[in-house]
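Written below as structure tokens is the structure these notes are about.
The values are calculated or read from the model by the stated rules, or taken from the named source; none is laboratory data. Because the structure is predicted, anything quoted here is derived from the model rather than measured. FYI the Cβ positions are ideal-geometry reconstructions off the backbone, even for glycines, and counts take in every protein chain you see.
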């Protein structure tokens, strides 16, 4: 009995020990779960802050993009004093990734200039740092490195800091709240990425790289709660491929008289059929064989002074029109010479009898111009622009009978969906894929049905269609102002640009539609007009019309801009008895499209990079 009592005494309190052990274990588990929850909460909070910083950086970058779209009206465009262009380190484009092959900009024009240094094309006494052109040479091209950008806006500079604080309030006032403040630390613009191209050289991938560093600050402690660096590549929207009123990427038939295609090159990648009588073409100026299709080679075998004497007071109906098929002229019957109607002035010299009445209805017609190609408006590139979400862009899919915007909008015809509107409008193929010819019969298998514009229609911008054909039938428009191209010039270096010292044709421009260009004379000096005066006339469409199918050139309607027909230019009635659409080239497509004030983007974001989360 005593022994049993002693055994029980020895075991007294063991339950308490076990309970304590269990309690400690449970407490430790609870604490670990609490720590894990706190860690997860901090991770979630950091991810939220990082995401908020990223969205702020992305918004800032889109504001930078707007400076290029609207240099005079973008969101909070910085003044020259707000930016620093002196940090520029200019790369060598022949080896853009060699860190030792760079030149520190020092403001020396011609060798080491700052970006857009002294470039004031709009005449406002300020450098055009966000305006066109964006190409050609160190002055106009973003060639800076990552550590030596062309343009820097850094809060470390007091003037730039004032601008950045104001931009933050304009862009995201009060963001993101909860004792946090959004700060733009720095904005850099420098050269775009480069990629190897055929032949082993380097090609630019876009216009520029934009890098934005943003932070979220704790307003109570001043500490950085989050920081993100957002980088994107900008590319120009490629409006400039066309250089005349009508481009056929196959054969071209345009036989209606009088000729209703004016003010630039008419080209065909294959053969070309014109009016049966060559004299039905508008009179122009004497020309030589062009070195390249885009170059306008005025006759240079004459003395300009002698030519001035002979052409003074005469009239030229169209000083810019040219006809350039890659293959032969089908009609009228012509000699086999690539320049079948050379100017009768070709051998004239001072003292010879006058060459005849001005001007020239023959020598602007050529054939067998093998370098003539199709202006390149790539399906994938333009579809990407149309679906980018940028302002002024619209994408339409085919539902089997009509088009639907973004696949969810109200269905309608192309004419109804574009009438009275402005922008980039892309109308896709039947299957949403690039045009393809699976049966190899020469016709694309997935183009939408033919489109004919009838009656009233008013559109301006870019119209990209993928229809079997596109045409007009008694289409009417609204009064718009059109402007003729600049005065023709002797392009001595065949670069397509007017350079100092090149002679030009001084024209007496008409001020109403249908008037001849009276009294051309030749000047070796003076101020060349780069555009004619405004003329008001009814226009159905102003801009670029691109169709992957054919363009039907029978019927009436007016396009001021350019038509590119990948499937060729056809005519249901090809005997010249039917009217043809009036196509008039807008020379701004070469380097200034879209015009100021249009709701179309000049640049687009071609790629995003995010770092430093």
| task | Test each condition in (1) in contact with a strand residue (DSSP E or B) (Cβ under 7 Å, 6 or more places away or on another chain); (2) within 20 Å of residue 369 (Cα to Cα) for residue 260 and report the one that comes out false. | result | (2)
| Do we have residue 166 as outside any loop (DSSP other than H, G, I, E, B) and without any contact (Cβ under 8 Å) to a residue 12 or more places away in the chain here? | no
| request: Considering each of 393, 365 in turn, give the residue that is within 27 Å of residue 328 (Cα to Cα), touching a residue at least 24 places away in the same chain (Cβ under 8 Å), in contact with a helix residue (DSSP H, G or I) (Cβ under 9 Å, 6 or more places away or on another chain) and crowded, with 21+ Cβ neighbours inside 10 Å. | output: 365
| task | Please indicate, with yes or no, whether at least one residue in the stretch 331-341 is loosely packed, with under 12 Cβ neighbours inside 10 Å, modelled with pLDDT under 85, in a loop (DSSP other than H, G, I, E, B) and touching a helix residue (DSSP H, G or I) at 6+ places or on another chain (Cβ under 6 Å). | result | no
| task | Restrict the check to the stretch 250-258 and report whether at least one residue is at pLDDT below 95 and under 17 Å from residue 589 (Cα atoms). | result | no
| request: Filter the stretch 217-231 down to residues that are surrounded by fewer than 23 Cβ atoms within 10 Å (Cβ to Cβ) and either under 24 Å from residue 558 (Cβ atoms) or touching a strand residue (DSSP E or B) at 6+ places or on another chain (Cβ under 9 Å) (or both), then give me how many there are. | output: 9
| query | How many residues, within the stretch 211-244, are assigned to a strand (DSSP E or B), touching a residue at least 12 places away in the same chain (Cβ under 8 Å) and over 22 Å from residue 94 (Cα atoms)? | reply | 16
| task | Being modelled with pLDDT of 75 or more, under 30 Å from residue 223 (Cα atoms) and within 60 Å of the chain's Cα centre (by Cα) narrows it down to one of 44, 37, 53, so name that one. | result | 53
| said: Can you say whether residue 207 is under 18 Å from residue 160 (Cβ atoms), touching a residue at least 60 places away in the same chain (Cβ under 8 Å) and surrounded by 19 or more Cβ atoms within 10 Å (Cβ to Cβ), as far as the supplied structure shows? | reply: no
| Can we say residue 174 is surrounded by fewer than 16 Cβ atoms within 10 Å (Cβ to Cβ) and part of a loop (DSSP other than H, G, I, E, B)? | yes
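Here's the yes/no breakdown for (1) in contact (Cβ under 8 Å) with a residue 12 or more places away in the chain; (2) loosely packed, with under 13 Cβ neighbours inside 10 Å; (3) within 20 Å of residue 209 (Cα to Cα):
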| position | (1), (2), (3) |
| --- | --- |
| 82 | yes, no, yes |
| 85 | yes, no, yes |
| 92 | no, no, yes |
| 98 | no, yes, yes |
| 104 | yes, yes, yes |
| 108 | no, yes, no |
| 115 | yes, no, yes |
| remark: The residue from 493, 458, 524, 530 that alone is in contact with a strand residue (DSSP E or B) (Cβ under 8 Å, 6 or more places away or on another chain) and either at pLDDT below 95 or surrounded by 16 or more Cβ atoms within 10 Å (Cβ to Cβ) (or both) is 458
| message | I'm trying to understand the selection: among the residues of the stretch 565-604, which are touching a helix residue (DSSP H, G or I) at 6+ places or on another chain (Cβ under 7 Å) and not in a loop (DSSP other than H, G, I, E, B)? | response | 603, 604
| field | Single condition residue 493 does not satisfy, out of (1) part of a strand (DSSP E or B); (2) more than 16 Å from residue 537 (Cβ to Cβ) | value | (1)
| So how many residues does the stretch 376-421 have that are over 30 Å from residue 294 (Cα atoms) and in a helix (DSSP H, G or I)? | 5
| said: I'd like to know if the stretch 567-580 contains one or more residues that are touching a residue at least 60 places away in the same chain (Cβ under 8 Å), closer than 19 Å to residue 456 by Cα and buried (at least 19 other Cβ atoms within 10 Å of the Cβ). | reply: yes
| remark: Filtering strands (runs of 3 or more DSSP E) wholly in the stretch 60-161 for at least 3 residues that are over 27 Å from the mean Cα position of the chain (by Cα) gives 102-104
| field | Members of the stretch 163-196 found to be farther than 23 Å from residue 55 by Cβ and over 33 Å from the mean Cα position of the chain (by Cα), listed by number | value | none
